[in-house]
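A.B. asks: This is the structure I have questions about; it appears just below.
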Amino acid sequence: MKDQTTATPELTLERVNTPPAQTWNYLRANDITLTVPQLSRKGDVYFALPRLFEGIECGVGPQATAWVVSQAADARYVEVRAGERKAEPIVVDVDANDGDVHDVGIMVRAGAEACVVVNVHGTDGEPATSGALVRIIAERGAKIRVLEFVAAGSAQQHVESVGIQAAQDARVSVRQYFLCAGTLVAGIATSLDGDGARIDHACRYLVREREVADINHVVRQRGRNTRADVRETGVLDGHAKKALRATIDLVHGSKGSEGTELESVLMLSDDVTNKTVPTILCDEDDVSGNHGASIGPVGPEQFQYLRDRGLTQQEAEALYVRALFDEALIAAPTPEVRANVLARARMVLGDDVANDLVEGLGLNEEGA
Amino acid sequence: MSEKTQKRTQVADVDRSLYDFIYSEEGYERYDDGLTPDIVRAISAKKDEPEWMLNMRLAALETYHTKEMAPNWGPSIAGLDMDHISTYVSPKTKQAKSWDDVPDDIKNTFERLGIPEAERESLAGVGAQYDSEIVYHNMREEVSKEGVVYTTIEDALHDPQWEPVVRKYFGTLIPPADHKFAALHYAVWSGGSFVYVPEGVTVAYPLQSYFRLNAEGAGQFEHTLIIVEKGADLHFIEGCSAPKYYEANLHAGAVELFVKDGARLRYSTIENWSKNMYNLNTKRARVAADAKMEWVSGSFGSHVSYLYPTTILQGDRSSCEFTGITFAGATQDLDTGCKVILNGANTTASVDTKSISKDGGCNTFRSSVVIGRHAQNARASVSCQSLMLDDISRSDTIPAMDVRNATASVGHEATIGRISDDTVLYLMSRGCSEAEARTMVVGGFANPVSKELPLEYAVEMNNLIKLEMEGAIG
């Protein structure tokens, strides 16, 4: 925990969340610039990750990754032994109120299975900047599940960076629930190095009021017959600003690989700004790359269906938000995460709806 | 005139003799390579321009020298050295209204390209530019009688009726400071077309401008300015080609299109520059209420292209369709696409593009769809399909969407893949060779674009595809 009450030197991080290929600069969709605190670590010695983790590409880019590494105290290294099915999730708990910064490296040995949970929680209050850097090496046939939940305060900014290397036949599942923060910068880069490696990635976000969410998803498909399935679904309301860059990179040699990326954005207010840059880079012929995006309000047919059942437009739109919390609660693997999601649900949807969610899932009021 | 000895080029596998022929520049007026205020003044003096145009050129030159290229942009243009490009080359001839008055070598050039024949059969008017100057310009009398003006910018500037119109519109849609090569264009522009279609007039046949760059190590910087008044209708066709050289050539034209209330403009392009050409062209249209802009674009040539026609749907209920195909073969790195800005309410945009990469060619499709705050109920859809014909080529798609209105809907889809073995096998089992089968599939892939073109241009496009597909199978 760091004391941020005294004036802390600041650092400007440029070209954060930059995708491998960029669009026109005047669209201001290629990256984000962040001002972050910079605590001096001179004279201290902390535990650092083994050097092979330095070679892992992370979603937020080298500058922001270096910042997290420089600000985290002891890095945490976790190794899951070959063939082990680790029952307890590896939890990275980030208190955004305190500006926690974590640097975690996880080695999942051949055939092992593990679950990683990043839980970012904060309340509206003092400004703070938190960070979580999770780098994962999934060896041959390993199975890794990554669950991320971000619900920081409206005055807080959080940097969430993930880098994954997947060897032959490794399976990676990522589920992200960005219930949001004053400013969220979230990047994930996955390198499917081995033949037959696969990632299934679902990202759901709710960005509202004056929140900013800047998201960068990169999948490099290097091995043969790799599979990438990336789906983003989100709701924007109030004066929210969201940018999503999603890249499927079919590298030369990735014959037989398929990459798909789809985004669906529901816009609930005329004051929101949505930027989407879905990119396919293809340097191989025997591959398939697809992406799609759908951006707009509730479709007229869907809305008519709901109106026929007595719902107003506002109620219909609220259903989509509720569904997001419903799914996040179902996916939440620990009581702490459920409590975090539930607290945000109470703030966004109100106590009645939150209680309804709890009841529907058979949980107690704290989400346990 | 004797033909120059043809040099061996990087594209020797394809017979492009239809486009690859060179006539001597002997006797031509050629300005020194490089960019100086004296050269800009000389071009302006040669055209006896009004002072405002000279001032605009000189200011643009200053902008060119001070403006930097974005460091993170597209294919490299490091091979382009402006110190080795002549910005003005002109044959010693005056603009003619009859092909009989055009010098033989130039006339032969356009005859081989089929321009006079197309003019006789299916065009309302033709402008033919050879290097830096228009050498032939003519329009059918009945079209002229309806008040349609189709001339060069230079002639319009010398006409008291049209000089104020040129002054009002020229450089307003694409400002000189737009980007480095827009600035270059305004400094040294020469040739191009000025078209004015009066209110309510429908031009039954297309107008066509054809740009031929014959000179080695030269640039072509034509400016096209088209104003389609309220309720009018025009189809404008632009064609371009050049013979191949080892030395870099440059095309940095500009196209400014103004489509007024309820009007319709279709702008078709078959671009077949030679593969030593840097094609850094800028095209932009502003579309008023209830008006429609249609782009049909076929990009086959050039070494490097930066080409992204832009449509600004300013008026309510205005619409835009963009249909394009890009074929990148050996040594080509083509960065193409389009931009649409939807500002008016109930505006619609539809983008449908195809790209084909072969023999190590690189295609990058870029698009941007920007929906402004006031674009209530705007609708936009973007579809991009890319075909990879071998594993040494490359195809990237980089679309961007910026949506700022909650009632707007934007859809986007893109796919990249190859010709399936099953399809080739099916066609081969019915008697096609593998090469024929692949050519047929590519032809079918391009069909949505070619069917948007007049028949003779669709035939030309299909011929270009066949040319490019020759030697596709090792």
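A.B. asks: Suppose we keep only residues that are modelled with pLDDT of 95 or more and out of contact with any helix residue (DSSP H, G or I) (no Cβ under 7 Å at 6 or more places or on another chain) within region B:197-219. Which one would you say is least open to solvent (accessible area, probe 1.4 Å)? Even if it seems obvious, please write down each step before you answer.
C.D. replies: Restricting attention to region B:197-219, the residues satisfying the condition of being modelled with pLDDT of 95 or more are B:197-203.
Now drop any that are not out of contact with any helix residue (DSSP H, G or I) (no Cβ under 7 Å at 6 or more places or on another chain), which leaves B:197-202.
Working: B:Val197: 0, B:Pro198: 25, B:Glu199: 130, B:Gly200: 52, B:Val201: 16, B:Thr202: 79 Å².
Here the residue is B:Val197.
A.B. asks: Another question, then. Take region A:43-86 and flag every residue that is part of a strand (DSSP E or B) and open to solvent by less than 50 Å² (accessible area, probe 1.4 Å).
C.D. replies: Scanning region A:43-86 gives A:Val78, A:Val80.
A.B. asks: Which of (1) at the interface with another protein chain (Cβ under 7 Å from one of its Cβ atoms); (2) open to solvent by less than 10 Å² (accessible area, probe 1.4 Å) is the odd one out, the single condition B:Val369 does not satisfy?
C.D. replies: (1)
Every residue, every condition in (1) over 27 Å from the mean Cα position of the chain (by Cα); (2) crowded, with 23+ Cβ neighbours inside 10 Å; (3) assigned to a loop (DSSP other than H, G, I, E, B); (4) more than 9 Å from chain B (Cβ to nearest Cβ), yes or no:
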| position | (1), (2), (3), (4) |
| --- | --- |
| A:Asp271 | no, no, yes, no |
| A:Pro278 | no, yes, no, no |
| A:Asp285 | yes, yes, yes, no |
| A:Val298 | no, no, yes, yes |
| A:Glu301 | yes, no, no, yes |
| A:Gln304 | yes, no, no, yes |
| A:Leu311 | yes, no, yes, yes |
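A.B. asks: Go through region A:233-264 and give me each residue that's under 15 Å from the mean Cα position of the chain (by Cα), within 10 Å of another protein chain (Cβ to nearest Cβ) and polar (S, T, N, Q).
C.D. replies: A:Thr247
A.B. asks: Please verify whether region A:252-265 includes one or more residues that are more than 25 Å from B:Arg418 (Cα to Cα) and in contact (Cβ under 8 Å) with a residue 40 or more places away in the chain.
C.D. replies: No - not one qualifying residue is present in region A:252-265.
A.B. asks: Hey, can you tell me all the residues within region B:282-294 that are open to solvent by 10 Å² or more (accessible area, probe 1.4 Å) and closer than 20 Å to B:Ala182 by Cβ?
C.D. replies: Within region B:282-294, B:Thr282, B:Arg284, B:Arg286 qualify.
A.B. asks: I need a count of the residues in region B:167-198 that are in a loop (DSSP other than H, G, I, E, B) and in contact (Cβ under 8 Å) with a residue 40 or more places away in the chain.
C.D. replies: The total comes to 13.
A.B. asks: Quick one: count up the residues across region B:265-274 that are at pLDDT below 90 and either in a strand (DSSP E or B) or crowded, with 24+ Cβ neighbours inside 10 Å (or both). Can you show your working first?
C.D. replies: Start the filter on region B:265-274 by keeping residues that are at pLDDT below 90, which leaves B:270-274.
Narrowing further to those that are either in a strand (DSSP E or B) or crowded, with 24+ Cβ neighbours inside 10 Å (or both): B:270-273.
Within region B:265-274, residues that are at pLDDT below 90 and either in a strand (DSSP E or B) or crowded, with 24+ Cβ neighbours inside 10 Å (or both) number 4.
A.B. asks: Give the residue, chosen from A:Arg220, A:Arg135, A:Arg175, A:Arg224, that is part of a loop (DSSP other than H, G, I, E, B) and at pLDDT 95 or above.
C.D. replies: A:Arg224
A.B. asks: Sort out which residues of region B:316-340 are of a type in the set (Val, Ile, Thr), crowded, with 21+ Cβ neighbours inside 10 Å and either farther than 20 Å from B:Val410 by Cβ or within 14 Å of chain A (Cβ to nearest Cβ) (or both), and write them in order of number. Don't jump to the end; show me each part of the working.
C.D. replies: Just the residues of region B:316-340 that are of a type in the set (Val, Ile, Thr), to begin with: B:323, B:325-326, B:331, B:336, B:340.
Restricting the remaining residues to those that are crowded, with 21+ Cβ neighbours inside 10 Å gives B:323, B:325-326, B:336, B:340.
Within region B:316-340, B:Ile325, B:Thr326, B:Thr336, B:Val340 qualify.
A.B. asks: Name the one entry in B:Thr407, B:Thr415, B:Thr423 that is over 25 Å from A:Thr279 (Cβ atoms), within 7 Å of chain A (Cβ to nearest Cβ) and of a type outside the set (D, E, K, R).
C.D. replies: Working: B:Thr415 fails: over 25 Å from A:Thr279 (Cβ atoms); B:Thr423 fails: within 7 Å of chain A (Cβ to nearest Cβ).
Unique residue meeting the criteria: B:Thr407.
A.B. asks: Among the residues that make up region B:183-194, is at least one of them touching a Pro at 6+ places or on another chain (Cβ under 6 Å) and open to solvent by less than 10 Å² (accessible area, probe 1.4 Å)?
C.D. replies: Taking every residue of region B:183-194 in turn, at least one turns out to be touching a Pro at 6+ places or on another chain (Cβ under 6 Å) and open to solvent by less than 10 Å² (accessible area, probe 1.4 Å).
A.B. asks: Another question, if that's okay. Tell me, yes or no, whether region A:250-265 has at least one residue that is surrounded by 19 or more Cβ atoms within 10 Å (Cβ to Cβ) and within 30 Å of A:Asp351 (Cβ to Cβ).
C.D. replies: Of all residues in region A:250-265, those surrounded by 19 or more Cβ atoms within 10 Å (Cβ to Cβ) come to A:250-251, A:254, A:257-259, A:261, A:263, A:265.
Restricting the remaining residues to those that are within 30 Å of A:Asp351 (Cβ to Cβ) gives A:265.
Looking for residues that are surrounded by 19 or more Cβ atoms within 10 Å (Cβ to Cβ) and within 30 Å of A:Asp351 (Cβ to Cβ), one finds at least one in region A:250-265, hence yes.
A.B. asks: Take the residues in region B:378-404 that are more than 7 Å from every other protein chain (Cβ to nearest Cβ) and of a type in the set (Val, Ile, Thr); name whichever of them is most open to solvent (accessible area, probe 1.4 Å).
C.D. replies: Per the stated criteria, the residue is B:Ile392.
The values are calculated or read from the model by the stated rules, or taken from the named source; none is laboratory data. None of these values were measured; they are calculated from a predicted model. With ideal geometry, Cβ positions are generated from the backbone for all residues, glycine too; neighbour counts draw on all protein chains shown. In case anyone asks, the SASA skips ligands and DNA or RNA and just uses the protein heavy atoms, side chains included. Shrake-Rupley method; radii C 1.70, N 1.55, O 1.52, S 1.80 Å.
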